[in-house]
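Here is the structure we will look at.
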Amino acid sequence: MTKTKKKWLAMGAAAALLTTALAGCGNSNSKSEPSSSPSSAGTQTAEASQSAGSGEVPTLVWWTIGGQVPANFDKAIAAMNEYTAEKIGVKIDIKVANWGDWDTKINTIVNTGEPFDIMFTNNSKYSQQVNMGAFADLTDLVQSETPDLYDFIPQKVWDGTKIGGKIYSVPTYKDSSLTQYWVFDDKYIQKYGIDTSSIKKLQDLDKPLRDMKAGEGKSFYPLSLTQGDGFNGFFNGYDDMTLGLPPIGVKVDDASRKAVSVLEQPDVMNDLKQLHQWYKDGIINPDAPTKTEAERARPFFAAQAFPGAEASWQITSGVEKYTMFQIFGPIYTTSTIQGSLNAISANSKYKNEALKYLQLVNTDSKLRNMLAFGQLGVDYNNVDGEKVIERTSDTWPLAAYTQGTFFNLAVTKGAPVDQWDQVRKLNDQATSSTNLGFALDISELGTEVANTKAVWDKYRYELLTGASDPEKMVPRIVAELKAAGLDKLMTAAQEQIDTYFK
Amino acid sequence: MKTGAGYETGLDKFNRIGAVTNWGFHLIFILLALLCLIPVLVVLSISLTGEESIRNDGYSLFPKAFSGEAYQYIAQQGQMITRALGVSVLVTALGTVLGVVLTTSMGYVLSRPNYKLKGLLTWIVFIPMVFNGGLVSSYYINSNMLGLKDTVWALILPLAVSSFNVIICKTFFRSTIPDALIESAEIDGAGQLRIYCSIVLPISLPVLATIGLFLCFAYWNDWFQSMLYIDNQNLYSLQALLNSLMSNVDALARNASSMGISYAELVATMPKESARMAVAIVIVVPVAIAYPFFQKYFISGLTIGAVKG
């Protein structure tokens, strides 16, 4: 009897010890941010319980993506909060998931229903998260609460964020249309007399690249590729319906909106053959399928851009002059619009405040610059009001493209002053993919999507850097994709497209 | 040639390895050693090479253009790295002690034949070794119910007790502690706690060292818990920091298409190749220094369960 009592006593004591230890730790870590205190992380949003008692300014949790958080991060956020608390009575607590961790981290947060208010998301996750019911339906709210925001972003862009006809997120109105450029280091243009105006398709690059290879010698690779990127924009001609799986797509100008197996299309096949030929002839670097990081300075590359973008490339790569020319677009597809979205949690207590905050981000240059560049005086300095700034550190972890529009953002000193106007002009000229607004609903297709993506990931590095022979590999890849459920995906996609555009 | 050779017995001669075989083994082990050593040297070399030279000449075993700029970068980031180092050390020390106490005591209890719930509890310990609850459920329990999120406890508690270690302990105690020893202590009037602390533990040092080492390395090498449970990057462990530095560049490249024109700008802000390698070196050094001291325990620990004569 006494023994049992003693045992219980010991257990109780141990438990008490543990809880005090835990509590002590919680206190020491919560510091100034009330919402990061573990004790308040219950089923309700942390800040909800915090402000309910005191009637203070609510603090919204904003999950975003970024780099390593620097030491002055809290100070910079505090400065923003001071500004916004006064302006609209809202504060934010920005939580940064590292670029590499974002995928896992955001999935766990959404899956476990952890409280948050605003969340950055993109085409790789958005439709799935909406299907899980993670995000609030903003269709009416955004028009009634934040009409300025609603008017500011063009209707086409709003359409691109719709799922089942409803708006679940605020798109970032930036280079929302896709414009593909091909860029040459100007010194080679001069040296080899390259006429960029005659280059319209991949095959037209053959002669200039070969000339460069012949002239510069054996260890010079005019087309330097990396595994992740391949030949940038290779599948631009096909709308991936936000699936992120290039082997399935709809040709962007196909009025009949037919979902096709992209790899088997004659134009894609020709381009793949061209890449493979270049790889064999030493025009593409032989380590391309395993190379993860691009060379800083490349004689030729393809990239998404806007008129004037070469200025900043010249600075970062140390190349004297780049000559670039538009090769594709501008075009809106659902994917290009969904490249950066900020959604509001379905369980947030502060949906209106969150929207107001996003509106302010998109309309107020001062807040916009603080978010994008960091702490004024430490990370950046104003050169011309809020219009031109100079960055004085490179440690600010947040990426401007994830937050809000580019069109109230300051231009970095050295870049063309009309940079954002040029981007805006491209958006205005942009055509729309025939499939704009349609995003494939994969809630019933999870297994097939995962399996086909696994197959594609196995082969894509070698295929898109030209290392493998498309005539042999494409049939093999397609066969494996079919075994993994490609056909089912295509039929489902076609059915969904037909119902959506009926 | 040596004088000792004259006294060699026939058996010694018979057991001696032939010269060719001997050299053969030497060669194999030299090759294996090089396989382990060269990557570390390459990393060291990259960390000491100027960025310009990496771009132009690629990697080499000896830096072509010597430069300390990567370590300068580390010195600038010093605060971040020392803080992460502090977290790693704290977590490893605290976690190892806590883990050893919990694991061995649990293993001991399960090893006692006269404990009534032994069978049931052994199964309860054993089943999660084969099937686990998966990420979502454990995350939910740890962060939402136990409120461990954003505390060092999230780095310590989830790893402290593993079924595998408990079973090792149980087997060890069962096979090396004679029942008679415990009985004699009971006759002398010792309580359970006293038997455990004064009789069992002192003769179980090998298993303590083994479990301690397993835990020590598990804690030191762990980055996943940090990534999952820690939002406040000030609490990141060193491994998590390195992992994020390394994976960020890859992740950027993978998502290039959704970033549009911002991509080039973002890549430019990433730490340079040599800087990342320098961080790797900084992380390896403490382990490399500590390892020789642990090695003898490690070897004796590994032979636990092997036949002893």
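The values are calculated or read from the model by the stated rules, or taken from the named source; none is laboratory data. These numbers come from a predicted model, not from an experiment. Note that each Cβ is placed from the backbone with ideal geometry, even for glycine, and that neighbours are counted across all protein chains shown.
Taking the criterion of being among the hydrophobic types (A, V, I, L, M, F, W, C) and either touching a residue at least 60 places away in the same chain (Cβ under 8 Å) or part of a loop (DSSP other than H, G, I, E, B) (or both), the residues of region A:82-129 that qualify are A:ILE88, A:VAL90, A:ILE92, A:ILE94, A:VAL96, A:TRP99, A:PHE116, A:ILE118, A:MET119, A:PHE120.
Would you mind stating whether A:ILE284 is at pLDDT 90 or above and among the aliphatic types (A, V, I, L, M)? Yes; evaluated as a whole, the condition is true for this residue. Would you point out which residue out of A:VAL417, A:VAL383, A:VAL388, A:VAL411 is surrounded by fewer than 23 Cβ atoms within 10 Å (Cβ to Cβ), without any contact (Cβ under 8 Å) to a residue 40 or more places away in the chain and within 14 Å of chain B (Cβ to nearest Cβ)? Every option except A:VAL411 fails the conditions. B:TYR59 meets all of the listed conditions (1) hydroxyl-bearing (Ser, Thr, Tyr); (2) under 21 Å from B:LEU241 (Cβ atoms); (3) within 13 Å of chain A (Cβ to nearest Cβ) but one, namely (2). Per the listing A:THR139, A:THR146, A:THR121, A:THR196, the residue uniquely more than 14 Å from chain B (Cβ to nearest Cβ), at pLDDT 90 or above and in contact with a helix residue (DSSP H, G or I) (Cβ under 9 Å, 6 or more places away or on another chain) is A:THR146. Restricting attention to region B:117-145, the residues being surrounded by fewer than 17 Cβ atoms within 10 Å (Cβ to Cβ) and within 14 Å of chain A (Cβ to nearest Cβ) number 9. Every condition in (1) in a helix (DSSP H, G or I); (2) touching a strand residue (DSSP E or B) at 6+ places or on another chain (Cβ under 9 Å) holds for A:LYS200 except the one numbered (1).
Taking helices (runs of 4 or more DSSP H) as the structural unit, those lying wholly within region B:147-196 and holding at least 3 residues that are more than 30 Å from B:LEU90 (Cα to Cα) correspond to B:163-176, B:179-187.
Of all residues assigned to region A:363-371, none qualifies as being assigned to a loop (DSSP other than H, G, I, E, B) and not charged (D, E, K, R). Scoring B:ALA185 on the criteria (1) more than 20 Å from B:VAL284 (Cα to Cα); (2) within 14 Å of chain A (Cβ to nearest Cβ); (3) surrounded by fewer than 21 Cβ atoms within 10 Å (Cβ to Cβ); (4) aliphatic (A, V, I, L, M) leaves a single failure, condition (2).
Counting only residues that are more than 10 Å from chain B (Cβ to nearest Cβ) and hydroxyl-bearing (Ser, Thr, Tyr), region A:298-348 holds 7 of them. Of all the residues in region A:453-484, those that are buried (at least 17 other Cβ atoms within 10 Å of the Cβ) and free of Cβ contacts under 8 Å to residues at least 40 places away in the same chain number 5. Considering each of B:PHE293, B:PHE298, B:PHE217 in turn, give the residue that is over 24 Å from A:ASN107 (Cβ atoms), modelled with pLDDT of 75 or more, aromatic (Phe, Trp, Tyr) and in a helix (DSSP H, G or I). Selected residue: B:PHE217, the only one of B:PHE293, B:PHE298, B:PHE217 that is over 24 Å from A:ASN107 (Cβ atoms), modelled with pLDDT of 75 or more, aromatic (Phe, Trp, Tyr) and in a helix (DSSP H, G or I). Look at region B:148-169: where a residue is away from chain A (no Cβ under 13 Å) and a partner is among the aromatic types (Phe, Trp, Tyr) and buried (at least 20 other Cβ atoms within 10 Å of the Cβ), sitting 6+ places away or on another chain with Cβ atoms under 9 Å, you get B:PRO158/B:TYR229; B:LEU159/B:TYR219; B:SER162/B:PHE214; B:PHE164/B:PHE214; B:ASN165/B:PHE214; B:ILE168/B:PHE214; B:CYS169/B:TYR108.
Table: residues versus (1) in contact (Cβ under 8 Å) with a residue 60 or more places away in the chain; (2) polar (S, T, N, Q); (3) in a strand (DSSP E or B).
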position	(1), (2), (3)
A:GLY249	no, no, yes
A:ARG257	yes, no, no
A:VAL268	no, no, no
A:LEU272	yes, no, no
A:TYR279	yes, no, no
A:LYS291	yes, no, no
A:GLU295	yes, no, no
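A single entry from A:ALA311, A:ALA302 fulfils the requirement of being assigned to a helix (DSSP H, G or I), in contact (Cβ under 8 Å) with a residue 24 or more places away in the chain, touching a Gly at 6+ places or on another chain (Cβ under 8 Å) and not aromatic (Phe, Trp, Tyr): A:ALA311.
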